[in-house]
Amino acid sequence: MEKQTYFNGTGRRKTAVARVRLMPGNGAIIIDGKPYEERFPDIEHQRVILQPLVVTESMGKFNIMAKVAGGGVSGQSGAISHGIARALVAANETFKSALRQNGLLTRDARAKERKKPGLKRARKAPQYTKR
């Protein structure tokens with residue numbers, strides 16, 4: 001049987017979920033069938049996506065294919081980053097400490113708080129009237 005040539009990682013952020021597949025290659029990053037620069041034109045989102053590769057000095061060593069669903073652009077880029085970090089650990093266990101130190105393996109649990117009954121939003125109460 002042939003040895004597995006790819007590594008999977010699931011990343012989550014807010015309501016976005018990214019399924020990431022990492023393969024040895026020349027550094028192409030394809031997200032939902034498009035190059036990542038086209039899918040995320042904002043430089044800041046591109047930097048977030050590339051951060052795990054920069055930290056582990058793996059730029060140009062892996063091809064990345066990701067499918068992302070839910071959330072907005074910021075949440076999706078964070079989910080992809082989380083997924084890439086997890087896939088890199090699956091590929092090479094020695095990357096774990098560097099990724100952990102940079103906070104790339106920790107799931108960011110911040111999400112929108114639910115609306116409470118009797119309030120307009122999670123914490124905003126209706127205006128108080130004295131008379």
With axes computed from alpha carbons, what is the tilt in degrees of helix 43-55 against the longest principal axis of the chain, rounded to the nearest 10 within 0 to 90? 50
Can you give the % of DSSP beta bridges in the chain that are antiparallel, to the nearest 5? 85
Before rounding to the nearest 500, sum -39500 (n - 2.57) across all DSSP H runs of length at least 4 in the chain and divide by the residue total; then give [θ] at 222 nm in deg cm²/dmol. -9500 deg cm²/dmol
Most positive-pole-ward Cα, S81, Y36, V54, against dipole of region 7-101 from beta carbon charges: S81
Run the dipole for region 7-101 about the Cα centre, Lys and Arg Cβ at +1, Asp and Glu Cβ at -1, nothing else charged, and hand back the magnitude in debye, nearest 20. 360
Taking a quarter of the surface of the Cα convex hull of region 7-101, what do you get in nm²? 5.2
Once I30 and D108 are pulled to full extension, the length gained, defined as 0.36 nm per residue separation minus their Cα-Cα distance, is 25.7 nm
So the label point goes 7 Å from the Cα of S97 along Cα→C-beta, right? Which residues of region 39-71 then have their backbone N under 18 Å from it? 55-58
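No value in this document is a laboratory result; all are computed from the given coordinates. Because the structure is predicted, anything quoted here is derived from the model rather than measured. Every residue, glycine among them, receives a Cβ derived from its backbone with ideal geometry; neighbour counts consider all protein chains shown.
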